[in-house]
Amino acid sequence: MFKVCIVGRPNVGKSTLFNRLVGKKKAFVDKEPGITRDRNYGEVIWGKSSFTLIDTGGIADEKTDIAEKIREQVDFAIKEADFCLFLLDGKEGILPSDIEILNSLRKREKEPLLVVNKMDKTPYKESDLADFYKLGLSLIPISSEHGINVDELLDEIINRQQTIDNSLQTTEVEGINIAIIGRPNVGKSSLLNLITKKQRAIVLPIPGTTRDSIDEAFTFKDRKFTLVDTAGIRKKISSRIEAGYVASAKRCIKKANIVWLLIDGVEGLTSQEKRLIEEIEREFVPYLILVNKWDLVKGDKNDYRAYILQSLPFLDSPNILFTSCITRVGIKTLLNETYRLSESLNLSVKTSLLNKAISQFKEERPKIYYATQTSLSPPTFTLFVNNPSFSNEIWIKRIKRFLRKKLNISIPINLLIKKA
């Protein structure tokens, strides 16, 4: 698909424009500069045409590790894109850092479309745009916040799409969605980069590096998967910005087909992981618990598995794997287990087999007369009983565990209890 990236210095409105064109709040936006760090992708549909839009972090003059990593991500986006939207702040005018960015684009033979943002008052005066015209580029003044001239911008993008010979053949991001969740700095972005074989997400030993959710596709055994790296979910929310990231990560759980929950093998389980698992189980999403950084752990896998099971007694039969992004331990097993779970997503159990299993359940309160599967994804079984009031939470967990074992079900199941 044709790709367009938005570049510019911090706080010129790149993410606001991205959300406006994509049509939803996919990128987190705040007045604080430097919010976007990794590349963020979205599909834009305009008339009968469509293209992929890439949001990037602001290119700053700072000489910090995070600023350097952001510049690397911007470089990836520029190389990948068919052309760029160079966004400037119409209120602040042209700054020296804007000239540096433009010169860098021209060195890459990427002649951008100049987009002057924050032009909130119409009609414009030619004098308002005089300095921008001196840059010698095609220019469109807009207000991404208020939608002014956005239609004209989209028309110009489509015109360029039709005239540029797009030789890039890319894989559409589709397939089974896998959400990677966990506390900050447990290795989520490292795992995404390793699986997809791309430096798709910034990796630094600083908690909270990933902010927006990041999507990247890969194929395993001829099946397409989409990995979604999420912001680290903390126990304490230190700011409204971080609260936004956490809310985004929880939304990813709701949309996921499979979840990878990462645990720092050195630090062990915390109460936060327990809450995350409860969140996943409420959504009936199949999940794998990944004890990551296993290369740094001095211990036995069986002992560690027993420790997790003892700490999480409410789990039916958790799938616990041990991984390391440094030594690649457990990565092949992780992919195979994920594929196995994906094959079970639309599990269908014959009514005869379900009732045969139910007949072997020995408890009589409540008495189960009949059972049938009434929904897929998650597999939902309706049990018809003599007295639904007897079916307390402990009983439901017990029969779920029984059915999963008897029917060899590896994914969460839902039960509905009705009076016969």
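The values are calculated or read from the model by the stated rules, or taken from the named source; none is laboratory data. Quick caveat, the model's predicted, so the values are computed rather than measured. For neighbour counting, all protein chains shown are included, and Cβ atoms are generated from backbone atoms with ideal geometry for every residue, glycine included. Just the protein is used for accessible areas: all its heavy atoms, side chains included, with ligands, DNA and RNA removed. Shrake-Rupley method; radii C 1.70, N 1.55, O 1.52, S 1.80 Å.
Please go through segment 248-281 and give me each residue that is closer than 12 Å to Gly182 by Cβ, of a type in the set (Val, Ile, Thr) and open to solvent by 10 Å² or more (accessible area, probe 1.4 Å), ordered by number.
Thr270
Within segment 116-135, restricting attention to residues that are free of Cβ contacts under 8 Å to residues at least 12 places away in the same chain and of a type in the set (Ser, Thr, Tyr), which residue is surrounded by the fewest Cβ atoms within 10 Å (Cβ to Cβ)? Talk me through it step by step, then tell me what you get.
So the first thing to find is which residues in segment 116-135 are free of Cβ contacts under 8 Å to residues at least 12 places away in the same chain, and the list is 121, 123, 125-127, 130, 133-134.
Remaining after also requiring of a type in the set (Ser, Thr, Tyr): 127, 133.
Values: Ser127: 7, Tyr133: 13.
Applying the filter and picking the extreme gives Ser127.
So, in segment 369-420, how many residues would count as being over 15 Å from Glu281 (Cβ atoms), crowded, with 17+ Cβ neighbours inside 10 Å and basic (Lys, Arg)?
Adding up the residues that qualify gives 0.
Which count do you get for residues in segment 325-344 that are among the hydrophobic types (A, V, I, L, M, F, W, C), under 22 Å from Ile409 (Cα atoms) and surrounded by fewer than 16 Cβ atoms within 10 Å (Cβ to Cβ)?
Going residue by residue through segment 325-344, those that are among the hydrophobic types (A, V, I, L, M, F, W, C) are 325-326, 329, 331, 334-335, 341.
Restricting the remaining residues to those that are under 22 Å from Ile409 (Cα atoms) gives 334-335, 341.
After this cut, where a residue has to be surrounded by fewer than 16 Cβ atoms within 10 Å (Cβ to Cβ) as well, the list is 335.
Of the residues in that region, 1 qualify.
Quick one: how many residues across segment 32-56 are modelled with pLDDT under 85 and among the hydrophobic types (A, V, I, L, M, F, W, C)?
1
Would you point out the residue of segment 336-367, among those that are touching a helix residue (DSSP H, G or I) at 6+ places or on another chain (Cβ under 6 Å) and part of a loop (DSSP other than H, G, I, E, B), that is nearest to Ile258 (Cα to Cα)?
Taking segment 336-367 first, the residues touching a helix residue (DSSP H, G or I) at 6+ places or on another chain (Cβ under 6 Å) are 357, 361, 365-366.
Filter once more, keeping what is part of a loop (DSSP other than H, G, I, E, B): 361, 365-366.
Details: Phe361: 29, Arg365: 34, Pro366: 33 Å.
Only one residue tops the list, namely Phe361.
Counting just the residues of segment 136-156 that are under 17 Å from Lys118 (Cβ atoms) and aliphatic (A, V, I, L, M), which one comes out surrounded by the most Cβ atoms within 10 Å (Cβ to Cβ)?
Just the residues of segment 136-156 that are under 17 Å from Lys118 (Cβ atoms), to begin with: 139-150, 152-153.
Next, only the ones that are aliphatic (A, V, I, L, M) stay: 139-140, 142, 148, 150, 153.
Working: Leu139: 15, Ile140: 18, Ile142: 25, Ile148: 19, Val150: 17, Leu153: 21.
Out of the qualifying residues, it is Ile142.
Can you find even one residue in segment 161-180 that is outside any helix (DSSP H, G or I), at pLDDT 90 or above and open to solvent by 20 Å² or more (accessible area, probe 1.4 Å)? If you could, list the steps in order and put the result at the bottom.
First, the residues of segment 161-180 that are outside any helix (DSSP H, G or I): 164-180.
From what's left, at pLDDT 90 or above: 176-180.
In the following step, the residues that additionally are open to solvent by 20 Å² or more (accessible area, probe 1.4 Å) were identified as 176-177.
Checking segment 161-180: at least one residue is outside any helix (DSSP H, G or I), at pLDDT 90 or above and open to solvent by 20 Å² or more (accessible area, probe 1.4 Å).
Counting just the residues of segment 135-149 that are part of a strand (DSSP E or B) and of a type outside the set (S, T, N, Q), which one comes out farthest from Lys24 (Cα to Cα)?
So, considering only residues that are part of a strand (DSSP E or B) and of a type outside the set (S, T, N, Q), the one farthest from Lys24 (Cα to Cα) is Leu139.
Could you tell me whether Gly268 is of a type outside the set (Lys, Arg) and either at pLDDT 90 or above or within 23 Å of Ile195 (Cβ to Cβ) (or both)? Before the answer, list the steps.
Values: of a type outside the set (Lys, Arg): yes; either at pLDDT 90 or above or within 23 Å of Ile195 (Cβ to Cβ) (or both): yes.
The answer is yes for Gly268.
Out of segment 282-324, which residues are of a type in the set (A, V, I, L, M, F, W, C), at pLDDT below 95 and open to solvent by 20 Å² or more (accessible area, probe 1.4 Å)?
Hits for segment 282-324 are Phe284, Ala306, Leu309, Phe314.
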